[in-house]
1. Report every pair of residues separated by at least 6 positions or lying on different chains whose Cβ atoms are under 8 Å apart, first residue within segment 8-30 and over 25 Å from Asn92 (Cα atoms), second in a strand (DSSP E or B) and of a type in the set (Phe, Trp, Tyr).
2. With (1) open to solvent by less than 10 Å² (accessible area, probe 1.4 Å); (2) among the small types (Gly, Ala, Ser); (3) free of Cβ contacts under 8 Å to residues at least 60 places away in the same chain as the list, and Gly156 as the residue in question, which single condition is left unmet?
3. Does segment 253-267 contain any residue that is in a helix (DSSP H, G or I), touching a helix residue (DSSP H, G or I) at 6+ places or on another chain (Cβ under 6 Å), modelled with pLDDT of 90 or more and closer than 30 Å to Ile121 by Cα?
4. For segment 113-131, which residues satisfy the criterion of being under 20 Å from Ser296 (Cβ atoms) and not hydroxyl-bearing (Ser, Thr, Tyr)?
5. What about Ala177, is it surrounded by fewer than 17 Cβ atoms within 10 Å (Cβ to Cβ), touching a Lys or Arg at 6+ places or on another chain (Cβ under 9 Å) and either of a type in the set (A, V, I, L, M) or under 28 Å from Phe37 (Cα atoms) (or both)?
6. Quick test of your reading of the structure: Ala215 fulfils all but one of (1) under 16 Å from the mean Cα position of the chain (by Cα); (2) open to solvent by less than 60 Å² (accessible area, probe 1.4 Å); (3) at pLDDT below 95. Name the failing condition by number.
7. Hey, which of the strands (runs of 3 or more DSSP E) in segment 168-242, taking only ones fully inside, have at least 2 residues that are touching a residue at least 12 places away in the same chain (Cβ under 8 Å), touching a strand residue (DSSP E or B) at 6+ places or on another chain (Cβ under 9 Å) and aliphatic (A, V, I, L, M)?
Amino acid sequence: MSSKTNFSIVIPFRNEAENLPDLLESIKSLNYPNHLFEVIFINDDSEDDSVEIIQKFFNKSQTNFSITSNERKTNSPKKDAITIAIEKAKYNWIITTDADCQLPKFWLDSFDEYIQKHDVISIAAPVTYKEKNAFLNRFQILDMLSLQGATIGGFGIKKPFLCNGANFAYKKSTFKALNGFEENTNIASGDDIFLLEKIAKKHPKQVAYLKCNQAIVKTESQSNWRSLISQRIRWAAKTSAYNNWFGKLTGLVVLIMNALIIISLLLSCIGAINYSTCFYIFIIKFSIDFLLIYKSATFFNQKNVLISYIFGFLVYPFFSVYVACISSFSGYKWKGRHFKK
């Protein structure tokens with residue numbers, strides 16, 4: 001099948017000098033014809049040499065690229081950056097990704113083939129973390145695999161409620177028709193799920209998940225627990241503005257089950273319930289979670305991270321409940337900026 005679709009790749013960045021080389025090399029290695037795509041970088045007030053790295057790299061390449069400066073208009077720098085990029089985009093199909101990502105060789109080919117075969121206006125696609133030999137990294141991959149499993153499942157039952165802005169495509173005309181991120185600009189994050197929510201509500205039959213190994217984008221995991229907690233608080237902060245009842249119900253069930261593990265453990269320690277009851281709750285959740293993560297790990301070819309599943313399973317209830325509690329009262333730090341709840 002010959003390539004036909006034109007793409008505008010949108011990449012906001014802020015102080016990503018360390019991560020940009022991998023991204024740029026992966027863009028250079030894309031199999032897709034150069035004349036069918038452009039790359040729009042949006043500099044969100046970087047203080048390092050990110051801009052120079054991009055310019056120096058593409059001066060030796062035939063890739064059609066541009067760098068523009070972000071203009072802060074709302075409480076969400078990333079949404080501002082994407083909005084500016086879309087205004088400048090030459091093509092109708094927009095694909096967003098992040099500056100700390102690595103793109104697969106047949107990334108655009110996969111999107112193009114799907115678009116040619118299906119009547120869609122928005123496509124969510126797979127994202128996972130790059131693998132490193134450390135428990136914290138494997139813990140995050142396991143978490144991401146569970147999220148991706150839930151994402152695929154949501155699309156599978158025609159109730160999409162999750163996607164990841166590191167690998168998300170939609171039509172420029174659709175973005176404009178729905179007034180972009182309007183109504184959600186007071187929340188710093190959520191450039192992906194709020195837009196998906198809008199599109200799915202208006203065009204439920206034209207949203208899809210691209211379940212293709214050749215489309216898997218890999219991103220950097222957090223380097224320490226403090227950064228990870230801050231990231232998860234940022235993710236959790238947008239739930240109060242989320243209107244998708246199925247997504248909220250799913251999140252609530254997950255939170256209750258994690259809290260139930262902790263509560264049953266405490267109650268069994270003080271003799272309020274039998275240890276066997278705590279064990280049964282543990283086994284039920286352990287089995288359900290493992291099945292979901294195993295299926296995701298098989299698709300993403302990351303079954304090796306399952307060596308940390310048991311320990312990760314023991315840590316995760318405390319981690320998730322802590323994040324949920326803190327996010328209800330606290331702001332967070334992101335890209336060197338502080339955001340209020």
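The values are calculated or read from the model by the stated rules, or taken from the named source; none is laboratory data. No experiment lies behind these values; they were computed from the predicted model shown. Ideal geometry is used to build each Cβ from the backbone, glycine not excepted, and the neighbour counts take in all protein chains shown. Ligands, DNA and RNA are stripped out before the accessible areas are found, and what is left, the full protein with its side chains, is counted by its heavy atoms. Shrake-Rupley method; radii C 1.70, N 1.55, O 1.52, S 1.80 Å.
1. Here the result reads Leu20/Phe13, each pair linking segment 8-30 to a residue that is in a strand (DSSP E or B) and of a type in the set (Phe, Trp, Tyr).
2. Every condition holds for Gly156 apart from (1).
3. The answer is no, given that none of the residues of segment 253-267 is in a helix (DSSP H, G or I), touching a helix residue (DSSP H, G or I) at 6+ places or on another chain (Cβ under 6 Å), modelled with pLDDT of 90 or more and closer than 30 Å to Ile121 by Cα.
4. Ile123, Ala124, Ala125, Pro126, Val127, Lys130, Glu131 - these are the residues of segment 113-131 that are under 20 Å from Ser296 (Cβ atoms) and not hydroxyl-bearing (Ser, Thr, Tyr).
5. Yes, satisfied.
6. (3)
7. Of the strands (runs of 3 or more DSSP E) lying wholly inside segment 168-242, those with at least 2 residues that are touching a residue at least 12 places away in the same chain (Cβ under 8 Å), touching a strand residue (DSSP E or B) at 6+ places or on another chain (Cβ under 9 Å) and aliphatic (A, V, I, L, M) span 207-209.
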